[in-house]
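A short write-up of the structure that comes next.
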Amino acid sequence: MPHSAPGSAANAAWGRSKLHRRPKGPAGSPRPQAAPARQEYFPHFDLCPGSKDIRHHGQKVVKALDSALKHLDNLHDTLADLSDLHAYNLRVDPVNFKLLAKCFHVTLASQLRAEYNPLVYLAWDKFFHQVACCLSEKYR
Ligand code: HEM
């Protein structure tokens, strides 16, 4: 499949999702805090659903993904600083990027409903895979 087809589908779906339009509400945000890794990586956060810490952090992550979607042809440079942060400073186990991608899939599907068709799913899956590759490439 051409690179632009999944990119266009993901960008269109992102525009219609509530993820970047309602960053302040817990209902519209993915909940990576449900993953077992939450205590390991976020011991300093208030991890109650919808807490200020989670909402602020969610806004940062969504903003980074928004930027990545706008720079699909240059993801490597776009995510370089975050790649350094997650590998060298935070030492995030790369398996968690896949778990977070699943959280986003569930959130997008619940928001987009029938619009979250196989092509849109494929586009997001490819996008999250590329983001995960960029964020974990420093481990090699
Ligand atoms: C799509 C994948 C991800 C993206 C785009 C992303 C993005 C970000 C961003 C933008 C920040 C804030 C950086 C700053 O303040 O300068 C951040 C911080 C952080 N990320 Fe990620 N992240 C991702 C996945 C993960 C995963 C899977 C984990 C661990 C399970 C993780 C753990 C953390 C931690 C612990 C922080 C620092 C939080 C703090 O103390 O404020 N990230 N991430």
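Readers should treat all values here as calculations from the given coordinates under stated rules, not as data from a laboratory. Note that this is a predicted model, so its numbers are computed, not measured. Cβ: placed from backbone, ideal geometry, glycine included. Neighbour counts: every protein chain shown.
Observations on the model:
- Among Cys134, Cys103, the order by Cβ neighbours within 10 angstrom, fewest to most, reads Cys103, Cys134.
- At R0 = 35 Å, FRET efficiency that the Cβ-Cβ distance of Asn117 and Phe45 yields, to 0.05: 0.50
- Given Lys60/Lys138; Lys18/Lys102; Lys70/Lys102; Lys98/Lys126; Lys98/Lys138, the pairs whose alpha carbons are separated by over 19 Å: Lys60/Lys138; Lys70/Lys102
- For region 94-111, Karplus couplings with θ = phi - 60° (6.51, -1.76, 1.60), whole Hz, Gly/Pro x: x, 4, 5, 5, 5, 5, 5, 4, 4, 4, 5, 4, 5, 5, 5, 5, 6, 8
- Packing here is the average count of other Cβ atoms within 10 Å per residue, and on that basis the peptides 38-50, 55-67, highest first, run 55-67, 38-50.
- Packing rank of 7-15, 114-122, 72-80, where each peptide gets the mean count of other beta carbons within 10 Å, highest leading: 7-15, 72-80, 114-122
- Take 104-112, 90-98 and order them by the average number of nearby Cβ atoms within 10 Å per residue, most first; the result is 104-112, 90-98.
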